[in-house]
Every structure is written in C-alpha cells, then in structure tokens.
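The values are calculated or read from the model by the stated rules, or taken from the named source; none is laboratory data. Just so we're clear, the structure is a prediction, and the values are computed from it rather than from any experiment. Note that each Cβ is placed from the backbone with ideal geometry, even for glycine, and that neighbours are counted across all protein chains shown.
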Amino acid sequence: MEEIKINEIEWSVPEYSHKERNNDWFWTIGLVTLVACGIAIWFHNFVFAIFLLISGGCLIMFTMRPPQDVTYIIETKGLSMGKDLHEWKKIKSFNIKNEEKDAMAKLLIETSKHFLPIYTIPLPKENVEKVKETLLKVTTRSEINESQSMLFMEKLGF
C-alpha cells in the first residue's frame, strides 16, 4: 500500500477538564469510603475493604492533581497521542462531534483494539475542518458515539 503524505496537524490540550472541588466533596468521598469499608468489614470481606480504602484514596489524590497537557499530532505515520503512536492501519474510522454548547469539539477515533477501542480526543474548534479533511485521506468517517460509561462519568462531574 502506498504511503499517503499528509500535512502535520498538532495541538495540545489538558488531559481532562479540571474542576475545583470544595472541602465538602472531599469529606463526602472520605465518609462514603469509610462507611463502605465498615460494611465490607461487617460482612468479613477484608480484601474488599482494603480495595475500597485504596480506591477512595486514589480518587482523592487524582482529583487534587492538575491535568497535564497532552500533545496530539496527525502525521504521515499515524495519530500520536502524547507518547503513543496509533498507525493508520490500526485506525478503523473517525467521527467529529462539534456541538455549539461545548467549548471544544470531540474527535472520536475507533481503533482495532478489543479493550477500549474508542478514543475521545478534545479538538479545538478552529482545527475541525482541517482535521476532517486530513483524516478522510487516510480512513473513513462513521457514526461513532462516545461510550455510555464516558457520558455517565461526565454527567457525574468526573
């Protein structure tokens, strides 16, 4: 197969939208974690109690951490997401969701992976047309939707 030369498109965005949490949120997470641990211990499920403590602690730690910028590059070899390169032969299709209410568009990439095959990438609105034209040269466009778990987590505010 002949390699298609494409103009490089690069953009950087934070890995997630950071939301400032107040002290009530942290107290709530801590209290729910401790109550759930107490119930797990009451049922003599000590391993699950330890798992809950570690999960609650990780949730609090990751919430306090500010997001890092991730650089996305569309290039001749494939799509680079930070340090990972996804070659064009492993990308099945793409879709762009560009809704007026959102600050950024969403680039949805479907890969041939079996576990987590769909990536949701924030895309600056000024790059939408250029990215669409470039991706149509190397892959097809299809009606991919975000995973339901991703939409559910966004509604919860994570």
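Scan the range 43-99 for residues that are of a type in the set (Phe, Trp, Tyr), part of a helix (DSSP H, G or I) and crowded, with 17+ Cβ neighbours inside 10 Å and the total you get is 1.
Scanning the range 12-42 for residues that are within 30 Å of PRO124 (Cβ to Cβ) and in a helix (DSSP H, G or I) yields one hit, TRP25.
One line per residue, one yes/no per condition, for (1) of a type in the set (A, V, I, L, M, F, W, C); (2) out of contact with any strand residue (DSSP E or B) (no Cβ under 8 Å at 6 or more places or on another chain); (3) at pLDDT 90 or above:
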site: CYS58; (1), (2), (3): yes, yes, yes
site: MET61; (1), (2), (3): yes, yes, yes
site: VAL70; (1), (2), (3): yes, no, yes
site: ILE73; (1), (2), (3): yes, no, yes
site: THR76; (1), (2), (3): no, yes, no
site: MET81; (1), (2), (3): yes, no, yes
site: TRP88; (1), (2), (3): yes, no, no
site: LYS92; (1), (2), (3): no, no, yes
site: ASN95; (1), (2), (3): no, no, yes
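Could you please find all residues in the range 109-135 being touching a Lys or Arg at 6+ places or on another chain (Cβ under 9 Å), crowded, with 18+ Cβ neighbours inside 10 Å and part of a helix (DSSP H, G or I)? Give the derivation first.
Kept after step one, since they are touching a Lys or Arg at 6+ places or on another chain (Cβ under 9 Å), are these residues of the range 109-135: 109-113, 117, 120-123, 132, 135.
Filter again for crowded, with 18+ Cβ neighbours inside 10 Å, leaving 109, 121-123, 135.
LEU135 - this is the single residue of the range 109-135 that is touching a Lys or Arg at 6+ places or on another chain (Cβ under 9 Å), crowded, with 18+ Cβ neighbours inside 10 Å and part of a helix (DSSP H, G or I).
Within the range 1-11, if we keep just the residues that are assigned to a loop (DSSP other than H, G, I, E, B) and aliphatic (A, V, I, L, M), the residue that is modelled with the lowest pLDDT turns out to be MET1.
Would a scan of the range 41-52 turn up a residue that is touching a residue at least 24 places away in the same chain (Cβ under 8 Å) and not β-branched (Val, Ile, Thr)?
No, because not a single residue in the range 41-52 is touching a residue at least 24 places away in the same chain (Cβ under 8 Å) and not β-branched (Val, Ile, Thr).
Given the criteria at pLDDT below 90, surrounded by 12 or more Cβ atoms within 10 Å (Cβ to Cβ) and either among the aliphatic types (A, V, I, L, M) or within 19 Å of LYS5 (Cα to Cα) (or both), does VAL138 qualify? Yes, satisfied.
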